[in-house]
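Okay, structure first, notes after.
The values are calculated or read from the model by the stated rules, or taken from the named source; none is laboratory data. These numbers were taken from a predicted model, which means no experiment stands behind them. Every residue, glycine among them, receives a Cβ derived from its backbone with ideal geometry; neighbour counts consider all protein chains shown. Accessible surface is based on the protein model in full, side chains and every heavy atom, while ligands, DNA and RNA are left aside. Shrake-Rupley method; radii C 1.70, N 1.55, O 1.52, S 1.80 Å.
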Amino acid sequence: AAPSLADYLAQHPAALEGLLAPQEDEPPARLMRNRLHDARLLEDVIGIIRRTVKEVDFSLSVATMEGRLDADAAAERRSALADAALAALLPPVLADFSARFGSVRGGAMAVVLLGKAGGREMMAGSDLDLMLIYAHPQDEIESRGARSLASSQWFIRAAHSFVAAVTAPGADGQLYAVDMRLRPSGKKGPVAVSLASFQRYHAENAWTWERMALTRARVVAGPPPLRRLVAAAIADALAAAGDPAQIRTDAAAMRARMRRDLPPDGEWDVKLRPGGLVDIEFVAQMLQLAAAREDPGVCSPNTCEALRRLAAAGRVDSADSALLIRADRVWRTVQGMLRLTVGRGAQGELPEASLGPLLRAVTAAGVVATDQRGLRAALDALAAEVSAVFARIIGEAGA
C-alpha cells in the first residue's frame, strides 16, 4: 500500500522492532538532546539529527496508515519534530562557523518557519519554508577572530551554512528540503535578512501576498530575546497590511492568477483545485490581515485555529468557519494519505492497495464513501461548498 515506507523498512530492518512493539513517544526536543549528548563534530550532529527525524517520521507515517493518528495529530507531531531538529541544529552550525570566521559580539540569528511547517500542518514529504533573521549592535561592524568578515556578510554566510546543514544529503536523503522564496525580496534577496531590514521592507515594500504568507510565520529557533523581537516585528507587519477592501481585492486577483498559471494537477490535487486547500488558506489569511490592526488576537499560523478565532470574534460566519475547518481537515487527510501511498501527482484510478487506507482515513474525517466513485463525488460536493464560501467572502476567483 505504501512503497516508500516499504523501501525504508527494507533499508532499515531495525525499524521492524518499533513496528512490532511501539514505544511511548518521547518529546522530540528531549529525544534530540539525549541523542546528541556525546556528539562533538558538526558532521556527527547533522547525521544524528537526520537519522532521528527519518526514524520518527517513518513511525508517524505507519501510525497514520494504520489509523492510529489522524491528519491533525500527525501534523502536530511532525511539526514538533521539525522544530526540535532546527533548534538543535542552529547552535552547532553557528559555533562551527564562528570557529572559522570569528563571532559578531552581541549578534544572533533566528529561524522562522512559514507555510505548512509554520502552521504546524506538516505531512509526509513536506518541505520547510524558511526565513532567517539576524540582529547585532550597530557598532559591531565585523566579526572578531582569526578571520574576520563584515557583520552582514558573516550572517549571510552563516545562513548558507545552516541551509547546507539542513539539506545535506545522507544515506536516507536530506534532513528536509528547503524553500526560501518567502523571504523579503524572494529569490533576489539575501538568504538572511537583518531585523531592521525586515521591518523596513514590510513597512514600505511588501505585497499583500507576502503579508498573507506571513500570517503563517512562527519563530522556532534562536535566542529567546531575538525570537521575541522577531515575533513582534511579524505582528507589526500584519497589523500594517492596509485597507481591508484592498486586501480582499488583491486576494481575489492573486487567486485568479494562480488558477490561470498553476492549474490543479489532476482530480486528486486537493491543494490547487477550486474549493481546495489554497482557497481555504486564502480565506483565513485574508480575514486575518483585514482584522489584524483592530483585533490581533484573531491571528494564528494554524489555519483551523485562525478560523476558530475569526468566528469567535465575529469576523466570519460560524457555519462558514465550521465548513472550512472540516474541509481543511479532509483535504489534508487526502493529500497526506496519497503522499504515503501513491506519492505526489496521483492521477486517474487509485491502486486498490492504496484505496483502503484512504477510505478509512476520510471516513474518520467525516466523509462517507465506500469506493472511488463515491469518494470523488463526496469530494466534489465538498469543494463546491468551499468555493461558494470563497465567493461570498473574497469574490469570484475566476473573475
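Listed here are the residues, each with its yes/no results for (1) of a type in the set (Val, Ile, Thr); (2) outside any loop (DSSP other than H, G, I, E, B); (3) touching an Asp or Glu at 6+ places or on another chain (Cβ under 9 Å); (4) over 19 Å from Ile156 (Cα atoms).
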residue	(1), (2), (3), (4)
Gly106	no, no, yes, no
Met109	no, yes, no, no
Glu121	no, no, yes, yes
Ala124	no, no, yes, yes
Met131	no, yes, no, no
Pro137	no, no, no, no
Practice task
Identify all residues within the range 315-340 that are surrounded by 23 or more Cβ atoms within 10 Å (Cβ to Cβ) and among the hydroxyl-bearing types (Ser, Thr, Tyr); write none if there are none.
Solution key: Ser321, Thr333
Exercise for the section: Output the number of residues of the range 80-97 satisfying the condition of being out of contact with any strand residue (DSSP E or B) (no Cβ under 8 Å at 6 or more places or on another chain) and closer than 24 Å to Pro3 by Cα. Expected result: 1
Practice task
Check whether at least one residue in the range 85-104 is farther than 28 Å from Ala135 by Cβ, assigned to a helix (DSSP H, G or I), basic (Lys, Arg) and open to solvent by 20 Å² or more (accessible area, probe 1.4 Å), and report yes or no.
Solution key: no
Handout entry: Top-ranked residue of the range 149-181 - restricted to ones that are in a loop (DSSP other than H, G, I, E, B) and not aliphatic (A, V, I, L, M), ranked as most open to solvent (accessible area, probe 1.4 Å)
Key = Arg181
Fill in the blank from the handout: Among residues of the range 137-148 being of a type in the set (Asp, Glu) and open to solvent by 60 Å² or more (accessible area, probe 1.4 Å), the residue farthest from the chain's Cα centre (by Cα) is Asp139
Practice task
Select from the range 8-23 the residues that are under 24 Å from Asp83 (Cα atoms) and surrounded by 14 or more Cβ atoms within 10 Å (Cβ to Cβ) and write down the one among them that is modelled with the lowest pLDDT.
Solution key: Gly18
Problem - Ser321 vs. criteria within 30 Å of Gly297 (Cβ to Cβ), touching a Pro at 6+ places or on another chain (Cβ under 6 Å), assigned to a helix (DSSP H, G or I) and at pLDDT 95 or above - result: no
Exercise for the section: Return the total of residues in the range 343-388 being open to solvent by less than 50 Å² (accessible area, probe 1.4 Å) and in a loop (DSSP other than H, G, I, E, B). Expected result: 9
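Which is within 16 Å of Lys54 (Cα to Cα), open to solvent by less than 60 Å² (accessible area, probe 1.4 Å), assigned to a helix (DSSP H, G or I) and in contact with a Ser or Thr (Cβ under 6 Å, 6 or more places away or on another chain), of Leu31, Leu5?
Leu5
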Problem - Odd one out for Leu340 among (1) under 22 Å from Arg120 (Cβ atoms); (2) in a helix (DSSP H, G or I); (3) among the aliphatic types (A, V, I, L, M); (4) at pLDDT 95 or above - result: (4)
Problem - Residue list for the range 225-248, restricted to those being in contact (Cβ under 8 Å) with a residue 60 or more places away in the chain and not small (Gly, Ala, Ser) - result: Pro225, Leu226, Arg227, Leu229, Val230, Ile234, Leu238, Arg248
Exercise for the section: Write out, first by first residue and then by second, each pair whose Cβ atoms fall under 9 Å of each other, whose residues are 6+ apart or on separate chains, and whose first residue, in the range 317-344, is free of Cβ contacts under 8 Å to residues at least 40 places away in the same chain and of a type in the set (S, T, N, Q) while the second is open to solvent by 10 Å² or more (accessible area, probe 1.4 Å) and part of a helix (DSSP H, G or I). Expected result: Ser318/Ala311; Ser318/Ala312; Ser321/Arg308; Ser321/Ala311; Ser321/Ala312
Handout entry: Pairs, first charged (D, E, K, R) in the range 41-61, second surrounded by 20 or more Cβ atoms within 10 Å (Cβ to Cβ), C-beta under 6 Å, six or more apart
Key = Arg50/Leu175
Handout entry: Filter result (under 16 Å from Thr363 (Cα atoms) and not in a loop (DSSP other than H, G, I, E, B)) within the range 56-72
Key = Thr64, Met65, Ala71, Asp72
Practice task
Have a look at Glu26, Glu66, Glu43, Glu55 and point out the one that is open to solvent by 30 Å² or more (accessible area, probe 1.4 Å) and modelled with pLDDT of 95 or more.
Solution key: Glu43
Handout entry: In the range 389-399, the residues that are touching a helix residue (DSSP H, G or I) at 6+ places or on another chain (Cβ under 6 Å) and either in a helix (DSSP H, G or I) or among the aromatic types (Phe, Trp, Tyr) (or both)
Key = Val389, Phe390, Ile393
Exercise for the section: Would you mind stating whether Ala80 is crowded, with 24+ Cβ neighbours inside 10 Å, part of a helix (DSSP H, G or I) and in contact (Cβ under 8 Å) with a residue 24 or more places away in the chain? Expected result: no
